[in-house]
Amino acid sequence: MSTGTYHLVRFAPDPVRDEPLNIGLVMAGDFSPRVAFPEAALQRAARWCRTLDSKGLVALRDYLQEALERAAATAADIGEAIRPDFMGERFGPVSVSESRWIDLPDDEVDLQATFEFLLGRLVLPPKQVAYGGGGSAGEKLAKAVLPAIKSAFPRAHLNEPLVGRSGRPFVADVFASGNRPLILSTIVPSSSWQGIRLVEAKAFEMFDVGRTMKSASLAICGQFPSIDPEGVQEQARAIFDSIEVSMVTPERIRALVDELAVSAARD
């Protein structure tokens, strides 16, 4: 193992906002300096820059690469290799971060792998998170509990459009028609004030639609965080109880729908 340093190269697309983006990486040590400006990072900067297009950024990359390789090879101060105002007043500054020390492998292949890891971790734009199958957490929860609901309400299905007493549209995540229809919504709040506001908004929607279908059984299936310092689950139960909406977790959905089915049969 040997010790080396790396620097991030930053560019502020808008000089007024002065919010820099990482566009490049320099790594130096007991080896030929490595300098890279990934295309994806430059394209991201170009999208945010009002006056410099992608061709301009390519020219910028060529200049920076040469200047930084020269400074790294001569053990000069890499941070001084670029004048902060060399882009002029129309563009935000290009800057080089302070030295960051890192232990580096001696093997050339492993060294390159470390460099590429740093590029991916620090310079390349973050990849969008892929949610398997698409859809929100509430939609996924509705699909997960639908089989249990259909065991008691065979005609149950997803995404039934309804209209509340206020005239506002409402979509029941799970709906089953009949003498006593089932209207079930799902909710997946965080343990935060935003989670509480989400519960309150859902409660208003349920109360609103319940006023137009007074014979319906209203239920909410909530998936709450296992660590809940804000007590969102407790507050949600109190809110939904106050408007006569049955609240249940996914683990208890079968017991709830069996109870509702028996009640509907009696009616």
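The values are calculated or read from the model by the stated rules, or taken from the named source; none is laboratory data. Fair warning: this is a prediction, and the values are worked out from it, not measured in the lab. Counting neighbours? That spans all protein chains shown, and the Cβs are built from the backbone with ideal geometry, glycine included. Just the protein is used for accessible areas: all its heavy atoms, side chains included, with ligands, DNA and RNA removed. Shrake-Rupley method; radii C 1.70, N 1.55, O 1.52, S 1.80 Å.
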I'd like the full set of residues that are more than 15 Å from Leu182 (Cβ to Cβ), modelled with pLDDT of 90 or more and hydrophobic (A, V, I, L, M, F, W, C), limited to the stretch 133-149. Leu141, Ala144
Here are the criteria: (1) open to solvent by 30 Å² or more (accessible area, probe 1.4 Å); (2) modelled with pLDDT of 90 or more; (3) of a type in the set (Phe, Trp, Tyr). Tell me which single one Phe240 does not satisfy. (1)
With the requirement that a residue be more than 19 Å from Phe115 (Cα to Cα), open to solvent by less than 80 Å² (accessible area, probe 1.4 Å), modelled with pLDDT under 85 and within 26 Å of the chain's Cα centre (by Cα), what does the stretch 12-52 give you? Ala12, Pro13, Asp14, Arg44, Ala45, Ala46, Cys49
Would you call Ser215 open to solvent by 40 Å² or more (accessible area, probe 1.4 Å) and among the hydroxyl-bearing types (Ser, Thr, Tyr)? yes
Can you tell me which residues in the stretch 80-94 are in contact with a helix residue (DSSP H, G or I) (Cβ under 9 Å, 6 or more places away or on another chain), of a type outside the set (D, E, K, R) and either in a helix (DSSP H, G or I) or at pLDDT 60 or above (or both)? Ala81, Ile82, Val94
Scan the stretch 57-72 for residues that are open to solvent by 20 Å² or more (accessible area, probe 1.4 Å) and modelled with pLDDT under 75 and jot them down. Val58, Ala59
Please enumerate the residues belonging to the stretch 202-211 that are open to solvent by 60 Å² or more (accessible area, probe 1.4 Å) and touching a residue at least 12 places away in the same chain (Cβ under 8 Å). Glu205, Phe207, Arg211
Tell me, which residue of the stretch 97-115 that is open to solvent by 100 Å² or more (accessible area, probe 1.4 Å) and closer than 14 Å to Val26 by Cβ is modelled with the lowest pLDDT? Glu98
